[in-house]
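Structure first, then comments.
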Amino acid sequence: MSSRPADLLIARAVRRGGPWLAVLAATALLGAAADLLLPAALGRAVDAVVRIGARDGAGAEAGFGLTGALGTAALLVALVVACDALGVLAAGVSGARAAQWLRSRVVAHTLSVGAGMTRHFTPGEIVTRAGVNVEEAGRTPEAVVTAATLVVPAAGSVVALALIDPWLAVTLVAGLLLIVAVLRAFMRRTTAASGGYQQAQGEIAGMLVGALAGARTITAAGTEDREAARVLAPLPRLRAHGLALWRLQARAGVQAAVVVPLLEIAVLAVGGLRLSAGGLTVGELLAAARYVVLGAGLGSALGYAARIARARSAAQRLEQLFAVPPPAYGDRPLPPGPGTLELRDVTVRADGVRLLSGVTLVVPGGTCTAVVGRSGSGKSSLAAVAGRLVDPERGAVLLDGVPLRGIGREPLRRAVGYAFERPALFGETLGEAVAFGLGPADDAGERNENAARAAAGAARADAFIRRLPLGYDTPVGEAPMSGGETQRIGLARAFAQAGRLLILDDAMSSLDTVTERQVGRALTGSLSDRTRLVVAHRVTTAAQADQVVWLENGRVRAAGTHERLWHDPGYRAVFRAEEAS
């Protein structure tokens, strides 16, 4: 992947540091300026001491100069300390602002892409990028500004040495060119090694999240050791990349450790020769010694270069998330209609596997259609494409004659309600979980509450919710619910949200037979004003539908009433296979 988008992302993150970024830059520059002035003040103080010791008749004047030079040096030291303290605060705040902006973008983009994002990255990988990688990229403002301001002392030292003696400046420039070459090579190699390290981190996190989701199964099977080994399989690569990073830093550190002292020795040797020839004073030689230390301080940019390299590789991983495009919505409103759903030659593919192939289907408005088929036949893919959780690779899906791609986000989500096999419950309380997606409570609070409770009644969730001590105000995390009760909350949420089309993707699999029949009666009774598309595994659900669509290998094998299809042995075998599984 090209590093240019990642570098642009880093530049935008740096700008998001806000006014504290300007404070960081100002304190860094002011501190660098004070560092540059300090050697000159110390040099003047030393020359004043030499003149006082010489007793050449200018002792009083030299004493006055010594006092002024020492006072100036003390003020400069205090300024350096104050700039360092304020710089630490500014670096922390600007980094936090940059990380906040990056994390907000990552989370907003991930949620806007929706289910399509998990087709490219595992949940653990996404969480790692939104967490660890965002933090690494968020440290960029401090690293960039501090590394940039290190150029100021280096350039200033060259200028100051040129004013003292041009040969000293030439010697310093030659050494600085060697340091810059070391830094460039270090940053290029560290960026590549950091990318491999972060990739291995993400793989471990992804497999760990998957293992935690199936923790009960792992415990029941007694395969903890085997799963631990699987999750930690990328650990040798993580170690290898980590060791590579340490070796790179150690090699660059050794190179800088060799170059910097040699540079200081070279400048001092030249300065000593100039002093012996009478071209320098003792104070100027002291100042030159200090300036070469400041100039060679460019070598301390090694740590900041490592941070920038890690930030670049982290930004590249964030850009991979941003490269997954969110679905584009149109601006067409839905016309009045009964909720007729139409699929025209729809093909859906994921990771090169064809899930649906040329499906053409009409679900008349206000009817109930059951979708049946063996496992892997494409039932969930059909349910996903029907409400635009997934876009087809080819073909079109229409609701009341309007292509789903052309409908605005809000009209579409108000028109379509989804219920899933394992619903995720959002909101602080059960009441909020049922009303989730209906809009803010202060927008139409009483109406939303009434709709939510009516939907809970249709989903047969109202009775068990009211039995809880806090009823609908029970916190979601504290509600003792079985799998079937959780499904009923999910059904209630879908019933409340579906204005025109209700899609149930295996959403009644955990219900007992009695409850399933009661919900089925609601589907054909109080909810009959909406179009219903139900992924069914049980004969009773298919028998209650107005029509049945039988899928096989991603294609429609047959469609018609349950009674008519029941005469086909292959159709009956679908339910026997489901019962056996």
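The values are calculated or read from the model by the stated rules, or taken from the named source; none is laboratory data. Nothing here was measured: the structure is a model prediction, and the numbers come from that model. Here the Cβ positions follow ideal geometry from the backbone for every residue, glycine too, while neighbour counts run over all protein chains shown. When the accessible area is computed, the model is the full protein with side chains, heavy atoms only, and any ligands, DNA or RNA have been set aside. Shrake-Rupley method; radii C 1.70, N 1.55, O 1.52, S 1.80 Å.
Taking Cα atoms only, the orientation of helix 151-164 departs from the longest principal axis of the chain by about 10 degrees. Only Lys, Arg, Asp and Glu carry charge here, each on its Cβ (+1 for the first two, -1 for the last two); on that basis the stretch 426-581 has a dipole of about 620 debye about its Cα centre.
The fraction of Cα-Cα pairs per 10 angstrom bin, counted from 0 for the stretch 482-527, comes to 26, 62, 12 percent, rounded to whole percents. Computed over the Cα atoms of the chain, pair by distinct pair, the Kirkwood hydrodynamic radius stands at 29.5 angstrom. The Kirkwood hydrodynamic radius of the stretch 340-471, based on inverse pair distances between different Cα atoms, is 17.0 Å. Over the C-alpha trace of the stretch 323-409, radius of gyration and Dmax come out as 13.3, 40 angstrom. The phi torsions of the stretch 328-341, fed into the Karplus equation with coefficients 6.51, -1.76 and 1.60 and a -60° offset, translate into couplings of 8, 9, x, 10, 7, x, 7, x, x, x, x, x, 5, 10 Hz, rounded to whole numbers, with Gly and Pro shown as x. Relative intensity of the stretch 173-284 on a log10 scale, I(q)/I(0) at q = 0.13, 0.20, 0.23 Å⁻¹, equals -0.69, -1.00, -1.13, per a Debye sum over C-alpha point scatterers of equal strength in the absence of solvent.
Each Cα pair under 8 Å and six or more residues apart adds its separation to the average, and for the chain the resulting relative contact order is 15 percent. A 1.4 Å probe run over the chain, with the rest of the protein chains in place, finds 48 Å² accessible per residue. Based on Cα atoms of the stretch 362-415, Rg over Rh with Rh as the Kirkwood radius reads 0.97.
Of the DSSP beta bridges with both residues in the chain, give the percent that are antiparallel, rounding to the nearest 5.
The antiparallel fraction comes to roughly 50 percent.
Derived value for the stretch 141-221: Kirkwood hydrodynamic radius 17.1 Å. Basis is the mean of 1/r over every pair of different alpha-carbon atoms.
Computed from phi, the 3J(HN,Hα) profile of the stretch 345-358 under the Karplus parametrisation 6.51, -1.76, 1.60 (θ = phi - 60°) reads 6, 7, 10, 10, 10, 9, 6, x, 9, 7, 8, 10, 9, x Hz, with x in place of Gly and Pro.
By the Stokes-Einstein formula, at 0.692 mPa s and 37 °C, the stretch 87-162 with its Kirkwood radius over alpha-carbon pairs has D equal to 223 µm²/s.
Ellipticity at 222 nm from helices only: DSSP H runs of n ≥ 4 in the chain, each -39500 (n - 2.57), divided by the residue count, give -21500 deg cm²/dmol.
Each Lys and Arg contributes +1 and each Asp and Glu -1, all at the Cβ; summed about the Cα centre of the chain, the dipole is approximately 1100 debye. Calculated on the Cα set of the stretch 453-561, radius of gyration then Dmax: 15.0, 50 Å.
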